[in-house]
Amino acid sequence: MGVQPQDPTPPATPGVSRRTAIRMIAVGSAGVAAGVGLTAVVARRDRGAARPRFFFSPREEATLAAFCEQLIPGDDVPGAVEAGVIDFIDLQLVGPHSRFQGLYRAGILSLQNTSLRLHGLPFEDLDGPVQTELVSRVEKGSCPADLWGDPSASAFFGVVLDHTRQGFYGSPRHGGNRGYASYRMMGLAYPNLIGQNRYPAERG
Amino acid sequence: MPLPRVNVVVVGAGAGGGVVAKELAEAGLTVVLMERGDWPHYDRHNDDELVSQRSPALGNPYGPDDARYRRVVVNPGGSTSVVLPSEGAYSNNAGCVGGGTVSCGAMAWRYMPQDFRMRSTYGAVEGSTLEDWPLGYDDLEPYYEKAEYEFGVAGDYSENPFGAPRRRPFPMPAFPYNREGRQVVEATRRLGLHPFPIPMLRNSVPYNGRPACIHMRSCVGFACPVDAKSGSQNTVIPRALATGNCELRTGCVVAEIKVDDRGRARAVRYFDPEGRGWEQECDLVVVSASATETARLLLNSKSKLFPNGAGNNHDWVGRNFQGHGYTGAFGISEGEVYEEAGPGATVAICDYNHGNPGLVGGGMLANEFIVLPYSFCDVRPPGEPRWGKAHKDFQRRYYKRIMRLYGPVQEIPNFSARVEVDPAVRDAWGIPVCRLSGGRHPYDQKLGEFMSANAERILKEMGATRTWRGRFGTGLSGGQHQAGTCRMGNDPATSVTNRFGQVHGIDNLFVADASLHVTNGGFNPVLTIMALAYWVSGHIASGWKGGGFR
């Protein structure tokens with residue numbers, strides 16, 4: 001059940017530095033330059049290479065990826081990481097979920113320190129069953145009190161669980177649910193074309 | 001440069017305001033219809049579950065937005081939280097042309113006669129402001145009918161013995177039952193209950209120049225891609241504009257109703273899309289901004305005779321805030337029941353709305369709208385793991401096997417559930433925001449448990465292999481069914497408006513939305529909001545003396 005996070009190094013997208021890409025996202029669709037920048041980002045994704053990161057450091061990403069993969073593990077269907085949940089959370093943290101930046105920064109650090117204190121290893125390097133047990137403790141809030149402040153362990157768990165579900169089950173336009181993985185898993189016809197269900201052959 | 005004076009300013013282009021604008025414009029009055037939001041566009045958010053009016057994880061597609069709007073919620077312990085429109089505690093409905101009618105589930109219920117006289121039917125309930133409406137079902141019946149025909153409702157009450165009397169049939173035939181609905185029909189009939197098709201503000205056949213429903217699974221929470229859902233944005237508002245007497249101003253946020261020293265509304269102060277402030281002078285004002293925002297606007301409109309807000313000299317504005325607790329039960333079916341035909345809710349029973357031994361009121365039960373994958377994560381029996389392999393297995397095994405019977409429970413109003421304006425927090429325009437406090441009356445839990453038990457019994461009869469009951473919390477109720485904050489009544493000391501929605505003491509200020517509801521029925525409220533708006537408009541039009549009111 002161990003997880004190998006994707007290459008955690010934020011890539012220098014050709015011609016577009018990470019900082020520039022953030023700025024371009026921030027200004028939205030204004031101007032041609034933004035269009036070029038976003039095209040470059042999309043092109044990288046299509047090649048299946050590591051994604052550019054807007055918020056997480058490589059260390060944070062490695063820890064969070066292992067945590068999210070515990071929440072929705074991979075089997076014959078992709079798990080959280082393969083379905084793009086980390087891409088989703090990272091992107092939304094510089095968008096609609098920006099109010100959760102502090103929670104992630106502090107919560108991931110608390111998680112890392114908890115793992116080191118209890119097991120002497122980074123969370124992402126723990127064996128699967130040990131990770132599962134630690135995630136349970138985070139959910140219940142039964143972690144060393146001095147390592148968790150704001151957010152509390154259970155508050156951190158609640159937010160990450162919700163965002164993981166959003167990334168796994170939401171529309172792919174937001175960076176997650178890559179290849180409609182969750183829709184395929186649940187047997188839902190997708191994309192949801194207007195009028196498709198008027199034709200028997202297309203019925204899900 | 002001052003704006004040209006008009007006869008009427010209507011605040012809010014939702015279920016109520018759209019009707020008022022159309023009725024008064026057709027009666028020959030000049031109308032400005034103010035809407036803080038924009039015209040809705042299906043293509044901007046299409047079927048995106050994370051930007052749905054029902055699950056706005058990343059924002060509300062049909063407003064309001066997280067950037068400019070805030071509310072304050074008073075927590076049970078007394079502390080306060082600032083909340084965003086995409087958070088549940090905000091108690092959002094919508095902010096766009098059409099309001100909630102764009103993205104609602106479109107159930108088109110008439111309240112039952114008993115719903116208008118809860119106090120005389122059931123007596124007083126301790127700790128409650130339960131009261132009769134100052135009008136009865138018979139008063140409203142012609143306006144229900146008008147709403148059904150002008151908007152377009154598909155339905156058939158021939159098998160509903162509890163349906164209120166009606167003079168004309170529905171304008172469109174009912175929708176057929178879906179796969180789950182057919183099972184509900186069989187099981188409820190075996191139990192001696194009375195299933196019938198849910199009346200819907202949705203075209204079952206082409207109607208009023210709009211096509212028939214194409215059954216998208218993403219229906220409730222979304223706009224309709226073919227305009228088969230009947231909202232004010234595709235019915236009464238276009239008709240209002242076609243008269244030439246109505247101007248719709250989108251992106252305009254009303255801050256205050258200016259009430260003069262003699263107690264007459266003379267203008268509204270508002271901000272245009274560029275943030276510039278204006279005063280629009282008028283002969284009368286109709287507020288249709290929803291139970292939260294209508295109360296806020298009245299409270300923010302202080303004047304010499306009404307120092308605590310328009311119509312608030314007896315401290316009733318914002319009181320009796322209510323909505324609907326939703327509950328029922330879930331069941332897992334032996335085989336698949338999912339059908340790729342939205343919106344999914346097709347059958348209802350009204351056996352439990354009234355006449356439940358020893359209980360005050362009750363509610364309607366219906367099979368549920370299709371639940372999309374993210375929201376389905378919360379459809380779980382008690383004790384089921386929330387994550388890990390167990391979570392994933394539940395999603396793939398049971399998504400197409402879940403049956404659900406759910407419905408709105410008629411709430412018992414209480415005085416302490418309220419909307420105020422916050423003394424400190426302001427929105428992007430500097431207007432004091434809503435401050436929500438209080439909770440549900442404890443009685444609601446009793447009704448909820450009763451309804452859940454009934455639903456579970458039906459699901460067992462349907463052959464569910466496993467069942468569990470839903471429940472709702474004890475906190476404040478509001479959301480899309482928000483109501484009650486400007487109660488209509490005959491006594492100015494215990495209500496905000498008279499039976500025509502006219503604010504006590506301010507003859508040219510009216511309310512026309514669910515704020516007027518004394519009680520909120522055991523049904524989705526939208527058709528009642530529309531009917532009341534026709535009723536209020538009829539009163540205004542008949543009292544209009546050309547250039548003045550009365």
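Just so it is clear, none of the values below were taken in a lab; they were calculated from the coordinates. Note that this is a predicted model, so its numbers are computed, not measured. Glycine also receives a Cβ, built like all others from the backbone with ideal geometry; neighbour counts cover every protein chain displayed.
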Query - Net charge over other residues, Cβ less than 12 angstrom from the Cβ of B:G328 (K, R count +1; D, E count -1) - result: +1
Report summary line: Computed ³J(HN,Hα) along region A:132-144: with the Karplus parameters 6.51/-1.76/1.60, θ = phi - 60°, integer Hz and x for glycine or proline, the list is 4, 5, 6, 4, 4, 5, 5, 4, 7, x, 8, 10, x
Query raised in the report: Taking each full run of DSSP H in chain B as one helix, which ones are at least 27 Å long along their axis (Cα atoms) and have mean Kyte-Doolittle hydropathy of at least -0.5?
Result: none
Requested in this report: Starting from the Cα of A:E133, step 7 Å along the direction of its Cβ; do the same at A:L109; then give the gap between the two resulting points in nm.
Outcome: 2.8 nm
Query raised in the report: Can you put B:D315, A:D76 in order, fewest other beta carbons within 10 Å first?
Result: A:D76, B:D315
Query raised in the report: Just how far, in whole angstrom, is region B:374-401 from region B:343-360 if you go by their alpha carbon centroids?
Result: 28 Å
Report summary line: The ³J(HN,Hα) series, computed from each phi in region B:266-279 with the Karplus coefficients 6.51, -1.76 and 1.60 at θ = phi - 60°, rounded to the nearest Hz and given as x for glycine or proline, is 10, 6, 10, 9, 9, 10, 7, x, 8, x, 7, x, 9, 10
Query raised in the report: Could you state the number of Å between the C-alpha centres of region B:166-218 and region A:50-118?
Result: 45 Å
Query raised in the report: Add -39500 (n - 2.57) for each DSSP H run of 4 or more in the protein assembly as shown, then divide by its residues: what number comes out at 222 nm, to the nearest 500 deg cm²/dmol?
Result: -8500 deg cm²/dmol
Report summary line: HN-Hα couplings for region B:152-166 via Karplus (6.51, -1.76, 1.60; θ = phi - 60°), in whole Hz with x for Gly/Pro, come out as x, 10, 9, x, 7, 9, 4, 10, 10, x, 9, x, 5, x, 9
Query raised in the report: Between B:L33 and residues 5 or more places away or on another chain, which pairs have amide H atoms under 5 Å apart, with H built 1.01 Å from N, and which residues are they?
Result: B:V10, B:E247, B:L248, B:R249
Query raised in the report: Assuming R0 = 22 Å, what is the FRET efficiency of B:N308 and B:D65, from their Cβ-Cβ distance, to the nearest 0.05?
Result: 0.15
Report summary line: Per the 1/(1 + (r/R0)^6) rule, R0 = 35 Å and r from the Cβ atoms of B:F472 and A:S152, FRET efficiency to 0.05 is 0.85
Report summary line: For B:R54, B:R110, A:R117, ascending order of other Cβ atoms within 10 Å (fewest first) is A:R117, B:R54, B:R110
**Report entry** Extended-chain gain in nm, criterion 0.36 nm per residue less alpha-carbon gap, B:A212 and B:S542
**Finding:** 115.2 nm
Query raised in the report: Which whole-angstrom value gives the distance between the alpha carbon centres of region B:243-284 and region B:489-523?
Result: 21 Å
**Report entry** Interchain or long-range residues, amide H under 5 Å from B:E340's placed H
**Finding:** A:G204
Query raised in the report: Using 0.36 nm per residue, how much length does the chain from B:L191 to B:Y122 gain when fully extended, once their Cα-Cα distance is taken away?
Result: 22.2 nm
Report summary line: Here chain B gives, from Cα atoms, an Rg and Dmax in Å of 22.3, 71
Requested in this report: Quick one: which residues, 5+ away or cross-chain, put their amide H under 5 Å from the amide H of A:A80? H built at 1.01 Å from N.
Outcome: A:I72, A:G74
Query raised in the report: Using r as the Cβ-Cβ distance of B:S416 and B:N356, and R0 as 25 Å, what FRET efficiency do you calculate, to the nearest 0.05?
Result: 0.45
